[in-house]
Amino acid sequence: MTGSKPDVIVGAGVAGLTLADRLAASGGRVVVLERENSPGGLARSFRIDDFIFDIGPHRFHTSDSVVEEFVLEVLAGSYEVIPRASSVYLRGRYHSWPLSLSGLAKLPLGMLIGSVPDLLFRRRGGGESSFADHIVSRYGRNLFSFFFEGYTAKFTGLPSENLHVDWAAAGVDRAVIDKRVKADSLNALLRGMLFPSPVSTTFIYPSRGGIADFSYRLVRRVEAAGGTVRTASEADGLLLEGARMAGVRLSTGEEIEAQRVFWSAPITRLSPGSGLSFINTVLVCVALRKPARGDYQWCYFGEQDISFSRTSIPARFSASTVPAGAGSIIAEITCSNQDEAWRDPDSLVPRVLEDLERVGALRHADVLFARALRVPESYPLYTLDYRERLDSIDLPAGVIPIGRCGTFWYNNMDHSISQALARAGGRDIPREFWNTRGKDVRELPQSAH
């Protein structure tokens, strides 16, 4: 790479650090700037006393052999391979997801009877413009009303009719995780229950330190290759020379000249007038004297009278996340900047503990402590006009967005890694869920470089 100025990467999440690792390994000058006090971005971990809490159920699973090879190289043998165990909570009972034939018998009779017409007279797809259209077309009106409608409104804060159809592909279709498992329609769910294929989904998870161990290992690799990773260093704008980017300005007033800027922080900080918005997450991290109840790694909760939308049990990913004999559970509450949950997250804790006990996840007497943590800008919000708003963003030459927040792409860690590896080679990858819809692949406006 030519030039004396470094490449500046804004954000030390999985995408930013993967890119930094590859650029530094090829001899480039790299500076990574991270707003938080620790690396990892949305895949960082919090250590409280002897307990480790991730931001939700992070794990590595990919069908991309290049990504898997990179993950295993970085973890250098310090990982566990764990089988998947996920659930959904419906009307007072836990059900494995994807649904099984035994799980079908546990569903409310009214829900089963109501889905019969949807199976017999399923509306054909086509002309879907909203999340509601897509789900009704795929799963039927009954299942939409029974679960998806309430859960989606609870998670996003918007009615399903106000969400773009891409939200379904980004969130619901990929919830199955393993592409060998078909559950993208009511018929597919039924076929999978009646004629199950022997598919065993496994994940890769670090042996120590929570999911953030992956990012810490990348930091060490970047620094060993001569790169710089700075935490507690917030980039709040760009330096410009005419229409071209010249560097990055930090919140402290410090200026760093750059050859290129790879931006993995929320794109709304570069384009606040775009009208795009993100969903925030409040984590309530609960430490327990005894192991958490439940045989799942994570579980979805759609009922409106339950304060959280998802829980996860860290010890189901690795026993190293809790002291011997103890347990923990994480409850996730999504919200906007205006919600009381975001303004005063500590006020949520008593209600969350009450609800966790009500759904059988813990006994209040076993609670050692419960802490509320705020995670801003966790999910891009796909409103009906989000594509047009995304297309309206005009970035200066020399600025290349990457990662979930930088490209406004509701993706998984494997997608961010794949995108970063491609970017290191001067390429990009398409948003796979747009491709599967047979639509034109659209990306955030790219700068020449």
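The values are calculated or read from the model by the stated rules, or taken from the named source; none is laboratory data. Note that the structure is predicted; figures quoted are calculated from it, not measured. Cβ coordinates were reconstructed from backbone atoms using ideal geometry, including for glycine residues, and neighbour counts include every protein chain displayed.
Residue by residue, here is whether (1) over 20 Å from residue 418 (Cβ atoms); (2) of a type in the set (Ser, Thr, Tyr); (3) surrounded by 16 or more Cβ atoms within 10 Å (Cβ to Cβ) holds:
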{"site": "39", "(1), (2), (3)": "no, no, yes"}
{"site": "42", "(1), (2), (3)": "no, no, yes"}
{"site": "46", "(1), (2), (3)": "yes, no, yes"}
{"site": "50", "(1), (2), (3)": "yes, no, no"}
{"site": "58", "(1), (2), (3)": "no, no, yes"}
{"site": "67", "(1), (2), (3)": "no, no, yes"}
{"site": "70", "(1), (2), (3)": "no, no, yes"}
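All conditions but one from (1) buried (at least 18 other Cβ atoms within 10 Å of the Cβ); (2) at positive phi apply to residue 235; the one that does not is (2).
Selection within segment 247-273: residues that are in contact (Cβ under 8 Å) with a residue 40 or more places away in the chain and more than 24 Å from the chain's Cα centre (by Cα). The member of this set that is nearest to residue 399 (Cα to Cα) is 260. Total residues in segment 382-397 satisfying the condition of being in contact (Cβ under 8 Å) with a residue 60 or more places away in the chain and either surrounded by 21 or more Cβ atoms within 10 Å (Cβ to Cβ) or assigned to a helix (DSSP H, G or I) (or both): the figure is 5.
The single condition among (1) out of contact with any strand residue (DSSP E or B) (no Cβ under 7 Å at 6 or more places or on another chain); (2) within 30 Å of residue 152 (Cβ to Cβ) that residue 299 does not meet is (1).
Every condition in (1) at pLDDT 85 or above; (2) basic (Lys, Arg); (3) under 25 Å from the mean Cα position of the chain (by Cα) holds for residue 138 except the one numbered (1). For segment 326-340, filtered to residues that are surrounded by 22 or more Cβ atoms within 10 Å (Cβ to Cβ) and among the small types (Gly, Ala, Ser), the residue that is nearest to residue 302 (Cα to Cα) is 331. Among the residues of segment 359-381, write down those that are part of a loop (DSSP other than H, G, I, E, B) and out of contact with any helix residue (DSSP H, G or I) (no Cβ under 7 Å at 6 or more places or on another chain). Selection gives 359, 360, 361. Those strands (runs of 3 or more DSSP E) of segment 190-309 in which 2 or more residues are closer than 22 Å to residue 337 by Cα, in contact with a helix residue (DSSP H, G or I) (Cβ under 6 Å, 6 or more places away or on another chain) and not assigned by TED's automatic domain parsing to the domain that holds residue 424 occupy 278-288.
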